[in-house]
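**Q** One structure follows; several queries about it will come next.
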Number of protein chains: 2
Amino acid sequence: MTSSVPSELPTYDDVKDAAGRLHGLAIETPLLESPLFNDELGFRLLIKAEVLQRTGSFKFRGAYNRVSRLSPEERRRGVVGYSSGNHAQGVAAAAKLVGTPAVIIMPKDAPAMKIANTRAYGAEVVLYDRVNEDREAIGERISRERGLTLVHPFDDFHIIAGQGTGGLEIARAARARGLRLDAVLVPCGGGGLTAGLALALAEESPGTEVWAVEPAGWDDWKRSFASGKIERAGGHGSPFCDALLTPSPGVMTFAINRRLVRGALDVDDAAVMKAMALAWRHFKLVVEPGGAAALAAVLTGALPVKGKTVCAVCSGGNVEAAVFRTALERFA
Amino acid sequence: MTSSVPSELPTYDDVKDAAGRLHGLAIETPLLESPLFNDELGFRLLIKAEVLQRTGSFKFRGAYNRVSRLSPEERRRGVVGYSSGNHAQGVAAAAKLVGTPAVIIMPKDAPAMKIANTRAYGAEVVLYDRVNEDREAIGERISRERGLTLVHPFDDFHIIAGQGTGGLEIARAARARGLRLDAVLVPCGGGGLTAGLALALAEESPGTEVWAVEPAGWDDWKRSFASGKIERAGGHGSPFCDALLTPSPGVMTFAINRRLVRGALDVDDAAVMKAMALAWRHFKLVVEPGGAAALAAVLTGALPVKGKTVCAVCSGGNVEAAVFRTALERFA
């Protein structure tokens, strides 16, 4: 486990700075609500629809905030990133906008749509074996050999600040409707989105609890919060939530989240699939498994929310048709 | 065919007035775009995502604008409407907000989700046989017998003005991004949405062509535009686009659309199903068959749009799971 103390952590001001940089490029995604579904649930549920973000997930925010800050020399050489697929598309799209070459290291078993889209943005895709190879080692080797700037998927100052911009939007949209948010639940892999949102919400919506939601078996955040230091996930979880399969928190994301995040919740595959079907039915949104984890936690009652006002971030929508059809078949 | 001259038609000012009334109640739905899909298409495609509107379709806009204007006495008695399902939900939701009882006459073969949601908003649902019974006659009888105000699904001053509010949003969102819209394509049944949008766009985006899109076989608008008077649809079209199965234009909607709409296009079921799958893939939206008709017309090249900037309105997302799964199975 890396145990170095992070050199510098982003703050609320860095999130605001990222928002300025993303203005007109990232989509200000809506905060959706279904009064009918609220009545059924007995609490007020808001959905931050990041599936509608450029590239189909929140990852464009952090990626552009990072890639657009390359020096002219770095930009000439290009970037390398590793990703299960959403950061891949975010970096590829940002690199295309900025005009820099991108190499993306992706697991062989990543959803075909994610691989195809990453290539369609013009990136070179290098596939690896998620079980037997170490993506970080491959990334560092390619970075060194080819002189490319490594764009980490979560443990990076500007990535975290960029992901936080959605938090400014959540807080402002809630305020505009006169809502006080009791909790915001966030799908959590490496913790970059959670950390960014927590930075934004701590300033903009101080009474709001932020919760990290991870797939059952990938409980590295729960373990790390419990022990107070970075831990690896326990047993072997299912790979269904392909976007959230990180083995342990990042150094920077852990330093932020242990301070600002209330705790971690976990959800099983059936709850996630049901959440996908309910997002389809009530919000007309296509949500991928990992993107539906926070909604699943809200709907299974993992957190007591009766009578409260709760926001679930639906963080991505890049899902294979067969998987989506199965979710509808079982739960719609 | 009714041939009376409409007493008074709504104008741009009535659309603006409706927008004020809907502020904070209707959702200002996003104008979505996929740069990746644009590259593939060779033109710039914007999606007005009315599937994200309250009740899952644009119909809430007109319904609330109408129902909120009842006199105290009318409000005490209640409203009656007939609808294939989206106007039903719009009227039921508006009636609930306003605190007036609602009776909705729906075809027996309407999608189960639409019937269930209409009931969930507290409306009384009366089912009829779409082939052998006349919904207008049933509506007028119930209105007379029970003293209820009839809320027409499209041929009504305030309904048209309310539907137009989405047009103000389209024009303003395009302007904010520095876009000039060459055309806006609209799914068209009775023509209320088309008329409202055309009123808004004629003032806010004067160079933009508005096109009505109807299902093949339900070509009453094409015929009516051709002859210059209200005509019934020709042969028997498929009922796949359940939201667009009106036999002929309304008196008011025809008077507006013949003046402001460039023409009518038609699309077959396969094109609609493919558009549903592409909206799922590229925009992460759930679109129902009728709601996808305009997108289908754009994608099949029914209108030459190479190099242009075109907006397709995705007007509703209330679709059965089995239908949606089939669209994904065939085209995703």
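**Q** So, in nm, how far is label A:THR326 from label A:LEU127 when the simple model puts each one 7 Å beyond its Cα toward the Cβ?
**A** 1.9
**Q** Starting from a label point 7 Å past Cα on the Cβ side, list the distances from B:GLY228 to the same position in the other copies, nm, shortest first.
**A** 8.7
**Q** Can you list the copy-to-copy distances for B:GLY178, using a point 7 angstrom from Cα toward Cβ, in nanometres, shortest first?
**A** 3.9
**Q** Along the axis that rotates chain B into chain A, which residue of chain B has the nearest beta-carbon, and what is the gap in whole Å?
**A** Closest to the rotation axis on chain B: B:ARG325, 2.
**Q** Compute the helix-to-body angle for B:135-146: its Cα long axis versus the longest principal axis of chain B, expressed 0 to 90° and rounded to tens.
**A** 30
**Q** Ok, one more. Considering only Cα-Cα distances, which of the following residue pairs are longer than 31 Å: A:LYS48/A:LYS222; B:LYS222/B:LYS274; A:LYS108/B:LYS284; A:LYS16/B:LYS96; B:LYS96/B:LYS308; A:LYS306/B:LYS96?
**A** On the way: A:LYS48/A:LYS222 23 Å; B:LYS222/B:LYS274 23 Å; A:LYS108/B:LYS284 24 Å; A:LYS16/B:LYS96 40 Å; B:LYS96/B:LYS308 42 Å; A:LYS306/B:LYS96 23 Å.
Table pairs above 31 Å Cα-Cα are A:LYS16/B:LYS96; B:LYS96/B:LYS308.
**Q** A further question follows. If I fit a long axis through the Cα atoms of helix A:321-331 and take the longest principal axis of the Cα atoms of chain A, what angle between them do I get, 0 to 90°, rounded to 10?
**A** Between the helix axis and the principal axis of chain A, the angle is about 20 degrees.
**Q** Can you tell me the length gained on complete extension of the stretch B:ARG172 to B:GLU136, counting 0.36 nm per residue apart and subtracting the Cα distance?
**A** Answer, rounded to one decimal: 9.3 nm.
**Q** Report Rg (one decimal) and Dmax (nearest whole number) for the protein assembly as shown, counting Cα atoms only, units Å.
**A** Radius of gyration, then largest Cα-Cα span, for the protein assembly as shown: 25.2, 83 Å.
**Q** Could you work out how far the C-alpha centroid of region A:218-297 sits from that of region A:5-51, in angstrom?
**A** With region A:218-297 and region A:5-51 each reduced to a Cα centre, they are spaced 17 Å.
**Q** Run the numbers on chain A and let me know its relative contact order in percent, using alpha-carbon pairs under 8 Å that are six or more apart. Don't skip to the answer; put the middle values down first.
**A** Working: 750 pairs, mean separation 70.8, N = 332.
So the answer I get is 21 percent.
**Q** Right, here's the next one. Which value in nm describes the separation of the simple spin-label points at B:ASP39 and B:GLU8, placed 7 Å from the Cα toward the beta carbon?
**A** 5.4
**Q** Roughly what % antiparallel, to the nearest 5, for the DSSP beta bridges in chain B?
**A** Values: 3 of 33 bridges.
Roughly 10 percent of the DSSP beta bridges within chain B come out antiparallel.
**Q** Along Cα→Cβ at 7 Å, what distances in nm separate the A:ARG144 label point from those on the other copies, shortest first?
**A** Distances to the matching label points in the other copies: 8.9 nm.
**Q** Taking a quarter of the surface of the convex hull around the Cα atoms of region B:77-127, what do you get in nm²? Could the numbers behind the result be given before it?
**A** On the way: hull surface 11.0 nm².
For region B:77-127, averaging the hull's shadow over all directions gives 2.7 nm².
**Q** So what's the projected area for region A:1-138, the Cα convex hull averaged over all directions, in nm²? Each step should come with its number before you reach the end.
**A** Working: hull surface 47.0 nm².
That works out to 11.8 nm², a quarter of the Cα hull's surface.
**Q** Can I ask one more? Mind checking region B:1-72 for GluC sites (Glu not before Pro) that DSSP puts in a loop (not H, G, I, E or B) and that have at most 14 other Cβ atoms within 10 Å? Can you show the working numbers first?
**A** Numbers: sites: B:GLU8, B:GLU28, B:GLU33, B:GLU40, B:GLU50; in loops: B:GLU8, B:GLU28, B:GLU33.
Hits after loop and neighbour filter: B:GLU8.
**Q** Give the Debye-formula value of log10 I(q)/I(0) at each listed q (0.19 Å⁻¹), with one equal scatterer per alpha carbon of region B:60-155, two decimals each.
**A** At q = 0.19 Å⁻¹ the computed log10 ratios are -0.78.
**Q** What's the center-to-center distance, using Cα atoms, between region B:171-188 and region A:83-129 in Å?
**A** Distance between centres, Cα-based: 31 Å.
**Q** Can I get the semi-axes of chain A's equivalent ellipsoid? Compute them from the C-alpha gyration tensor as square roots of 5 times the eigenvalues, in angstrom, largest first. Before the final figure, lay out the partial values.
**A** Numbers: eigenvalues 164, 92, 77 Å².
In descending order the semi-axes read 29, 21, 20 Å.
**Q** A follow-up question, please. Give me the dipole magnitude in Debye, nearest 20, for region B:60-155 about the Cα centre, with unit charges on the beta carbon: positive for Lys and Arg, negative for Asp and Glu. Working shown, then result.
**A** On the way: 15 positive and 11 negative charges, 81 e Å.
With Lys and Arg at +1 and Asp and Glu at -1, about 380 debye.
**Q** What's the angle, to the nearest 10 degrees (0 to 90), between helix B:251-260's Cα axis and the longest principal axis of chain B?
**A** 20
**Q** Assuming 0.36 nm per residue, please report the length gained on full extension of the stretch A:GLU203 to A:ARG259 beyond their Cα-Cα distance.
**A** On the way: separation 56, 0.36 × 56 = 20.16 nm, distance 1.35 nm.
Length gained, A:GLU203 through A:ARG259: 18.8 nm.
Where a number appears in this text, it was derived from the coordinates with a stated rule and is not lab data. This structure is a prediction, so every number in the text was calculated from the model and none was measured. Here Cβ is always computed from backbone atoms with ideal geometry, including for glycine, and neighbour counts include all displayed protein chains.
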